[in-house]
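Inspection log for the structure reproduced underneath, given as structure tokens.
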Amino acid sequence: MILSIHAIRVRDLLMRCKRFAASAIVIRRASTAIFRSEPRMFRKVLIANRGEIALRVVRACQELGVRSVAVYSEADSRAPHVREADEAVCIGPPPSTQSYLLGDKLIDVAQQTGAEAIHPGYGFLSERAWFARAVRDAGLVFVGPPAEAIDAVGSKTAARQLMIAAGVPVVPGTTEALRDADEAIAVAESFGFPVLLKASAGGGGKGMRVVRSAADIASALASAQREALNAFGDDAVYVEKYIDGPRHVEVQVLADMHGNVLHLGERECSLQRRHQKMLEEAPSPAVSPELRARMGDTATAAARAAGYVNAGTCEFLLDRDGQFYFLEMNTRIQVEHPVTELVMGLDLVQWQLRIAAGERLPFEQQNFSPSGAAIECRITSEDPSNGFLPSTGRITHLHLPSGPGVRWDGGIEAGSEVGLHYDPMLAKLIVHAPTRALAIARMQRALRELVIVGVETSRGFHLRLLDHPDVQSGNINIQWLESHLDELTGRSADEQTVQLAAIAAALSAQQDRDVRVPVVNGGAAHETSAPNGWRAVARRESLRRE
Ligand code: MV4
């Protein structure tokens, strides 16, 4: 009825809208002609990843007004990144070789959905130069560095040559593959044993051998070459002086297309097991402002030498004497990027998109210094008391920590199925506080609030880690975690004992719940029930609504 009364008015309005839209297009065309260099943010971006990083990119897109296209395997059809994206396309069965690693398919989907750019996240195709090149050749934008920059630092020996030429300190050693054991012995004797044989195509420690005497070189070289050939299809192995007990410190860089390169300080990443980081922090307790400036300048020089654009990371070894050596450059957004975001106060994933769209970095290097301290714990579905065996199952209950300075970057929710197809990292718990000591206390508090039921997780391990005096004092290096595993992986009780303890604790909490304590000492008497493990958990759980 209303419609018929106002039919004429509605038609009139529609006409005005059309005329307005037409003039808006004319104005936009005119303005792009005048400001041809003015970058335009993408309208739609495809996210070639899963889990927490896919959701992290969806969130960045939403805040920039960019439409997002998620892709997913059949195992991920109910995943949060699929639900939160504007569109989602199933790309294949669960194995990543048949889904998240199908570069051509991802490019097809981007073209079919009208996406203008592809964000690769980390892992999967993020550091494959051929994929960056194929995306560009398809007329799309790769949200990451140019394929040439990935190539420039992809081979360790080539990267070492490039960095030496740029004045970046590298560990003493060769810059070309070894021909034979005799050459390796000659080089090793020039700086002394122990030495480290490394695969040129390597990463993650594959094809690495510590050699302590000339007698051991020949067999170590042969096995390193064999392992390198198997893992990378390239048997090139070179030699470096072995640095004993260093820290792993990495520097975040951001570079735009217009020649601006910034560093955003360092992350301390020494707490790792089998090359899997367990906890990262920013800033590093071992880095002074003066060292930060020197490492930062070195990182920006390395990025310039590689022709780098977008977000990247320079990995360094920092030895006991405060000497630092360039190791390699990671040409992707990293898992641990949030600790840098929190202490530096910027959104790295948003800047990845803005840089890829052609924006200039509007920052001055001297305005950046870390504010407070941030810590990240990688919450994995692994059982620390059982050799970090991956744990699978359905997450039946999930309670997330919150409150001041707490951030949860997760890819799971209650109901999620955790399988064996992908990485066991479920989420990252990140805290920010004014000092390192307060950040540790905040992380301990947040980990205690966290409840994940259904799979074994690293939560308890992280609590024990943060309780250790060496971690609290920052007195750690890349060997520390693996040499303290026994103290950190408390053996778990058998299932029946766990069930009995849970029932006893629940009953006792139930009994306590409605007991009124007479007011003495100003009412503080009832606060004495110490927050000891089971009792505290049972009390909290019995107060929680289903
Ligand atoms: C080293 C080193 C000691 N000396 N190079 C391991 C993987 C690769 N990214 C480089 N790695 C190392 N290179 C020299 N000359 C010790 C390691 C190393 C390591 C480095 C960073 C983080 C964790 C590590 C764990 C074991 C060994």
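Name the pairs whose Cβ atoms lie under 9 Å apart, with the first residue in region 496-508 and in contact (Cβ under 8 Å) with a residue 24 or more places away in the chain, the second among the basic types (K, R) and surrounded by 11 or more Cβ atoms within 10 Å (Cβ to Cβ), and 6 or more positions between them or separate chains?
A505/R535; A505/R539; S508/R535; S508/R539
Could you list, in sequence order, all residues of region 332-355 that are outside any helix (DSSP H, G or I) and at negative phi?
If we filter region 332-355 for residues that are outside any helix (DSSP H, G or I), which is where we start, we get 332-336, 345-347.
Across region 332-355, the qualifying residues are R332, I333, Q334, V335, E336, L346, D347.
Among (1) over 22 Å from F124 (Cα atoms); (2) in a loop (DSSP other than H, G, I, E, B), there is one condition Y325 misses while meeting the rest; what is its number?
The single condition Y325 does not satisfy is (2).
Looking only at residues in region 180-216 that are β-branched (V, I, T) and more than 27 Å from Q272 (Cα to Cα), which one is surrounded by the fewest Cβ atoms within 10 Å (Cβ to Cβ)?
As a first pass, look at region 180-216 and keep what is β-branched (V, I, T): 185, 187, 195, 210-211.
If we keep only those that are more than 27 Å from Q272 (Cα to Cα) too, we end up with 185, 187.
On the way: I185: 21, V187: 19.
Here the answer is V187.
Scan region 176-199 residue by residue and report those that are within 12 Å of the ligand (Cβ to nearest atom), of a type in the set (A, V, I, L, M, F, W, C) and within 24 Å of D151 (Cβ to Cβ).
Scanning region 176-199 gives L197, A199.
If you scan region 337-370, which residues turn out to be over 25 Å from L162 (Cβ atoms) and within 14 Å of the chain's Cα centre (by Cα)?
P338, V339, E341, L342, D347, V349
Can you find even one residue in region 287-298 that is touching a residue at least 12 places away in the same chain (Cβ under 8 Å), within 16 Å of the ligand (Cβ to nearest atom) and under 20 Å from the mean Cα position of the chain (by Cα)?
Checked region 287-298: no residue is touching a residue at least 12 places away in the same chain (Cβ under 8 Å), within 16 Å of the ligand (Cβ to nearest atom) and under 20 Å from the mean Cα position of the chain (by Cα).
Listed residues A302, A293; which is crowded, with 24+ Cβ neighbours inside 10 Å and on the phi < 0 side of the Ramachandran plot?
Values: A293 fails: crowded, with 24+ Cβ neighbours inside 10 Å.
That would be A302, the only listed residue that is crowded, with 24+ Cβ neighbours inside 10 Å and on the phi < 0 side of the Ramachandran plot.
Considering region 299-310 alone, what residues qualify as being under 27 Å from V57 (Cβ atoms), of a type in the set (G, A, S) and touching a residue at least 60 places away in the same chain (Cβ under 8 Å)?
A302, A306, G307
So for region 193-202 (the condition being at pLDDT 95 or above, under 26 Å from S284 (Cα atoms) and in contact with a strand residue (DSSP E or B) (Cβ under 8 Å, 6 or more places away or on another chain)), does at least one residue qualify?
yes
Just to check your reading of the model, which residue among G202, G173, G259 is within 16 Å of the ligand (Cβ to nearest atom), within 28 Å of G307 (Cβ to Cβ) and within 27 Å of the chain's Cα centre (by Cα)?
On the way: G173 fails: within 27 Å of the chain's Cα centre (by Cα); G259 fails: within 16 Å of the ligand (Cβ to nearest atom).
Unique residue meeting the criteria: G202.
Condition (residue is over 21 Å from L162 (Cα atoms), out of contact with any Ser or Thr (no Cβ under 9 Å at 6 or more places or on another chain) and aliphatic (A, V, I, L, M)) applied to region 257-277: is it met by at least one residue?
Yes.
When only residues in region 232-246 that are surrounded by fewer than 18 Cβ atoms within 10 Å (Cβ to Cβ) and away from the ligand (no atom under 13 Å from the Cβ) count, which is farthest from V195 (Cα to Cα)?
Here the answer is G233.
Would you point out the residue of region 262-282, among those that are at positive phi and either within 14 Å of the ligand (Cβ to nearest atom) or not in a strand (DSSP E or B) (or both), that is surrounded by the fewest Cβ atoms within 10 Å (Cβ to Cβ)? First the steps, then the outcome.
So the first thing to find is which residues in region 262-282 are at positive phi, and the list is 265, 274-275.
This time we only want the ones that are either within 14 Å of the ligand (Cβ to nearest atom) or not in a strand (DSSP E or B) (or both), so: 274-275.
Working: R274: 9, H275: 12.
In this case the residue turns out to be R274.
If you check every pair at least six apart or on different chains, which have Cβ atoms under 9 Å apart with a residue in region 469-488 that is within 14 Å of the ligand (Cβ to nearest atom) first and a residue that is of a type in the set (S, T, Y) second?
I476/S270; N477/S270; I478/S270; Q479/S270; W480/S270; L481/S270
Tell me the helices (runs of 4 or more DSSP H) entirely within region 141-227 that contain at least 2 residues that are under 30 Å from I107 (Cα atoms) and charged (D, E, K, R). Steps first, answer last, please.
On the way: elements: 147-154, 156-165, 181-191.
It comes to 147-154.
Looking only at residues in region 414-434 that are in contact with a strand residue (DSSP E or B) (Cβ under 6 Å, 6 or more places away or on another chain) and not hydrophobic (A, V, I, L, M, F, W, C), which one is surrounded by the fewest Cβ atoms within 10 Å (Cβ to Cβ)?
Filtering first and then ranking leaves E417.
Just the residues that are assigned to a strand (DSSP E or B) and of a type in the set (S, T, N, Q), please, taken from region 356-383. Lay out the reasoning, then the answer.
Filtering region 356-383 for residues assigned to a strand (DSSP E or B) gives 373-380, 382-383.
The one that is assigned to a strand (DSSP E or B) and of a type in the set (S, T, N, Q): T380.
If I ask for residues that are closer than 21 Å to R43 by Cβ and surrounded by fewer than 23 Cβ atoms within 10 Å (Cβ to Cβ), which ones from region 89-116 would you list? Explain how you work it out, then say what you get.
Our first condition is that a residue be closer than 21 Å to R43 by Cβ; within region 89-116, this holds for 89, 106-116.
Once the filter is applied, which keeps residues that are closer than 21 Å to R43 by Cβ and surrounded by fewer than 23 Cβ atoms within 10 Å (Cβ to Cβ), region 89-116 yields V89, I107, D108, V109, Q111, Q112, T113, G114, E116.
Quick one: what pairs do we get from region 393-405, first residue closer than 25 Å to P338 by Cα, second part of a strand (DSSP E or B) and modelled with pLDDT of 95 or more, C-beta under 6 Å, 6+ apart or different chains?
Hits for this filter: L398/I452; H399/V451; L400/W408; G405/V431; G405/H432; G405/A433.
The values are calculated or read from the model by the stated rules, or taken from the named source; none is laboratory data. Everything numeric here is computed off the predicted structure, so don't read it as measured data. Neighbour counts are summed over all protein chains in view; Cβ atoms, including those assigned to glycine, are modelled from backbone coordinates with ideal geometry.
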